[in-house]
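Comments concern the structure below.
Any read-out appearing in this document is the output of simple, stated calculations on the displayed coordinates, not a laboratory observation. Note that the coordinates shown come from a computational prediction; the quantities given were computed from them, not determined experimentally. Don't worry about glycine lacking a Cβ; one is built from the backbone with ideal geometry, like all the others, and counts go over all protein chains shown.
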Amino acid sequence: MLGSASSPRPRTTNFELWSWLFMRVSGALLLILLLIHLAIMHVTQPIENVNFAFVAARWASPLWRWYDLVLLGLGWVHGLNGVRVVMDDWIHSPGWRLTLTALLWLIGFILLVIGAQVIFSFQAPAGAG
Amino acid sequence: MSSFRWRTIAWFAWYRGQSGQWAQLLHRITGLGIVFFLGLHILDTSLVGFGPSVYNTVTAIYHNFVVRLLEVVLVGLVIYHALNGLRVTVIDLWDEGALYQAQMWGVVILLFLVLFLPSAFLMLAPYFR
């Protein structure tokens, strides 16, 4: 029998539904954005080319700043949420699960701020790039 | 006493390679690998804010041949995760997707080889000239 009095139905939220939808939509966007990023930065040229002057020249264009910002936001949140789902599955102790999930989002938030602020605020020094 | 060991054995026994479980396990391992690198990548890119000498000195680590091999592995992780993520999305959205999941995994492996082998060749060829 469904919903007996001794085990009341848990209050449901749409969080997992939104999480599922986000993973599908961000995944589809990342499929395109990340493969282009890898093709440009890692495959079609040696990584030795990617130095300070290269980054400064690239970020001279607002288009690439936005591209990298979207890639950072979608990729990092997709990755963190994936780790959350894996931890929900594999960590059986509720205490550890809660502790590590809180730590995950704390470290995740700090790194997101670090990454976003450098993309926003970077200014090439005169003469470089 | 041996509850951890029993749980571990039970876990491997559950992963019998049936019904796309290997595909899913690989999806998780590749995802965890990618998110770990992304965390490092946010930190190394943030160093661009400290000027050319700091950024160029630290990213010189990536010019090492062994690290280049790890970079090839990273590209492989992303290609598998992207293609299998597409397969998971098709399973979710197409009524009969689950019936064809095994065949679709075959397609994922095939496309993985088609994309990964030339990428790995392009990335490593400069070292053998």
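Just check the range B:20-128 against the gyration tensor rule for me: Cα atoms, a ≥ b ≥ c as the square roots of the eigenvalues, rounded for a/c under 1.5, and otherwise prolate or oblate depending on whether a/b exceeds b/c. Each step should come with its number before you reach the end.
Values: a/c = 3.50, a/b = 1.98, b/c = 1.77.
Prolate, because a/c is 1.5 or more and a/b exceeds b/c.
Would you please state which residues of the range A:49-86 a label at A:Phe109 would reach in this model, taking the label point 7 Å out along Cα→Cβ and a backbone N cut-off of under 20 Å?
Under cut-off, by backbone N: A:72-85.
Pick from B:Val54, B:Val73, B:Val35 the residue whose mean-square fluctuation is largest in a GNM of chain B, springs joining Cα atoms under 10 Å.
Among B:Val54, B:Val73, B:Val35, the largest GNM mean-square fluctuation belongs to B:Val54.
Using Cβ counts within 10 Å as a stand-in for footprinting exposure, how do A:Asp89, B:Asp95, B:Asp44, A:Asp68 rank, fewest first? List each step's numbers first, then the result.
Working: A:Asp89 10, B:Asp95 6, B:Asp44 13, A:Asp68 20.
Ordered by Cβ neighbours within 10 Å, fewest first: B:Asp95, A:Asp89, B:Asp44, A:Asp68.
Between helix B:21-46 and chain B, what is the angle of the helix's C-alpha long axis to the longest principal axis, kept within 0 to 90° and rounded to the nearest 10?
20 degrees
If packing is taken as the mean number of other Cβ atoms within 10 Å per residue, what is the order of A:95-101, B:123-129, B:76-82, highest first? The partial results should precede the final answer.
Details: A:95-101: 12.7, B:123-129: 10.7, B:76-82: 22.3.
Descending mean neighbour count gives B:76-82, A:95-101, B:123-129.
Counting only other chains, what is the mean number of Cβ atoms within 10 angstrom of the Cβ of each residue in peptide B:28-41?
Working: counts 6, 1, 0, 6, 4, 0, 5, 10, 2, 1, 10, 7, 1, 5.
Per residue, the average neighbour count from other chains is 4.
What do you get for the angle between helix B:101-124 and the principal long axis of chain B? Use alpha-carbon atoms, 0 to 90 degrees, nearest ten.
Approximately 20 degrees, to the nearest 10.
Quick one: check the C-alpha center-to-center distance for the range A:91-107 versus the range A:29-55, whole angstrom.
33 Å
Sort B:His63, B:His27 so that the residue with the fewest other Cβ atoms within 10 Å of its own Cβ comes first and the one with the most comes last. Working shown, then result.
Working: B:His63 13, B:His27 19.
Listed from fewest to most nearby Cβ atoms, that is B:His63, B:His27.
May I ask you to derive the relative contact order of chain A, considering only C-alpha pairs under 8 Å and at least 6 residues apart, and to give it as an integer percent? Before the final figure, lay out the partial values.
Values: 50 pairs, mean separation 42.3, N = 129.
Reported relative contact order: 33 percent.
What relative contact order, as a whole-number percentage, does chain B give when Cα pairs under 8 Å and 6 or more residues apart are counted? Write down the numbers at each step before the final one.
Values: 62 pairs, mean separation 35.3, N = 129.
Relative contact order for chain B comes out at 27 percent.
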